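Remarks on the structure that follows.
The values are calculated or read from the model by the stated rules, or taken from the named source; none is laboratory data. All values reported here derive from a predicted model rather than from experimental measurement. In this analysis, Cβ positions are derived from the backbone assuming ideal geometry, glycine residues included, and neighbour counts consider all displayed protein chains. Accessible surface is based on the protein model in full, side chains and every heavy atom, while ligands, DNA and RNA are left aside. Shrake-Rupley method; radii C 1.70, N 1.55, O 1.52, S 1.80 Å.
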Amino acid sequence: MIKSRDITITEVALRDGSHAIGHQYTLEQVTAVSKALDEANVPYIEVSHGDGLGGSSQQFGTSLTDEMKLIEAAVSVSKHAKVAVLLLPGVGTMKDLRQAADIGAKMARVATHVTEADVSPQHINLAKELGMETVGFLMMSHMAPVAKLVEQAKLMESYGADTVYVVDSAGALLPHEVRERIRAMRQELTVNIGFHGHNNLSLAMANTLVAIEEGATRIDGSIRCLGAGAGNTQTEVLIAVLERLGLNTGVDLYKMMDLAENIVAPILKKPQEIAKDSLVMGYAGVYSSFLLHAQRAAKQFNIDSRDILIELGKRKVVGGQEDMIIDVASEIAKRQKIVNA
């Protein structure tokens, strides 16, 4: 019998990792990864389009496989793990959430920009009515002062969220900034506190450990670092580190290592690393899922993708404004043409 978990892991590679492979997951891949995660005793497996339920579109990126079929596949092989879904109000709908619950999803992670928690109550309420565990997901948490973050977290708590997350969507937070945010939330909230990191500045693990030190007990990881940008906190490495610290996750480390090596690694077109564009996203505070969009625009307009990302950071562009990437790229190309004329 497994003793109670000190830290509860949600594996996000089958959602956040969708960004890294252009939303091209197959049923076979999701089935194989989910089955192995379940056998390793991972408690939660998040499955959906990278931008959440309803995200498959020309703006965000079209999925190879209908996400409901992917969710259903994950549910079918998860004997112990609960399947989670992400929903961004305005992208995913109440109908999407009901359908996900009907096919077996047990957790709803309702995600908003860090200053826009007030768009989430109806979705959180519906998830509760459907009997789902409910998470408030405050994205781009580096873009709000600590007091504002706490205010928004308390709103999500008041709507019925069982857990509220600090989400470092850009991989831009520094350890002391994570410490301030988690500490303040722990002092003001009674629900579980979670942390979701990105590795664009090579700080995902450090930030995650700081979050845990300050009282976060719900932690996201992506196996083999399969996530947007430079990926998330690497799950199998995190489990090993936490075991060294004497913290129990209940997850089988060897099985996670084997899954990472034998099943997930072949899915990646190239290893996740902190290349120049992902580094710039952390530096400029840009949404990690913009990586492939910016690279495509740079190629289309024959400009440096870093210039696009820096300008997006200056304009404080956030998720849902992917159409701005082409506009910014076009403007940069025009300016450079004038300068070089």
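Summary of computed values
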item: Residue check, residue 139 within 17 Å of the chain's Cα centre (by Cα) and over 26 Å from residue 240 (Cβ atoms); result: yes
item: Selected residue (only one of 110, 114, 75, 119 is over 20 Å from residue 287 (Cα atoms), in contact with a strand residue (DSSP E or B) (Cβ under 8 Å, 6 or more places away or on another chain) and touching a residue at least 12 places away in the same chain (Cβ under 8 Å)); result: 75
item: Which numbered condition residue 84 fails, given (1) of a type outside the set (Phe, Trp, Tyr); (2) out of contact with any helix residue (DSSP H, G or I) (no Cβ under 8 Å at 6 or more places or on another chain); (3) surrounded by fewer than 19 Cβ atoms within 10 Å (Cβ to Cβ); result: (3)
item: Residue that is open to solvent by 20 Å² or more (accessible area, probe 1.4 Å), under 17 Å from the mean Cα position of the chain (by Cα) and either within 21 Å of residue 155 (Cα to Cα) or touching a residue at least 24 places away in the same chain (Cβ under 8 Å) (or both), where the choices are 226, 201; result: 201
item: When residues of segment 266-283 are limited to those that are of a type in the set (A, V, I, L, M, F, W, C) and open to solvent by 30 Å² or more (accessible area, probe 1.4 Å), the one nearest to residue 114 (Cα to Cα); result: 279
item: Whichever residue in segment 35-53 is of a type in the set (Gly, Ala, Ser) and over 18 Å from residue 123 (Cα atoms) and, among such residues, is surrounded by the most Cβ atoms within 10 Å (Cβ to Cβ); result: 50
item: Inter-residue pairs, beta-carbon under 6 Å, first within 15 Å of residue 76 (Cβ to Cβ) and part of a helix (DSSP H, G or I) and in segment 20-32, second of a type outside the set (Ser, Thr, Tyr) and open to solvent by 40 Å² or more (accessible area, probe 1.4 Å), 6+ apart; result: 32/263
item: Residue under evaluation residue 220, criteria (1) touching a strand residue (DSSP E or B) at 6+ places or on another chain (Cβ under 8 Å); (2) assigned to a helix (DSSP H, G or I); (3) among the acidic types (Asp, Glu), criterion not met; result: (2)
item: Residue match in segment 185-192 (condition: open to solvent by 10 Å² or more (accessible area, probe 1.4 Å) and among the β-branched types (Val, Ile, Thr)); result: yes
item: Selection status of residue 238, part of a helix (DSSP H, G or I), in contact with a strand residue (DSSP E or B) (Cβ under 7 Å, 6 or more places away or on another chain) and either open to solvent by less than 20 Å² (accessible area, probe 1.4 Å) or under 22 Å from residue 52 (Cα atoms) (or both); result: yes
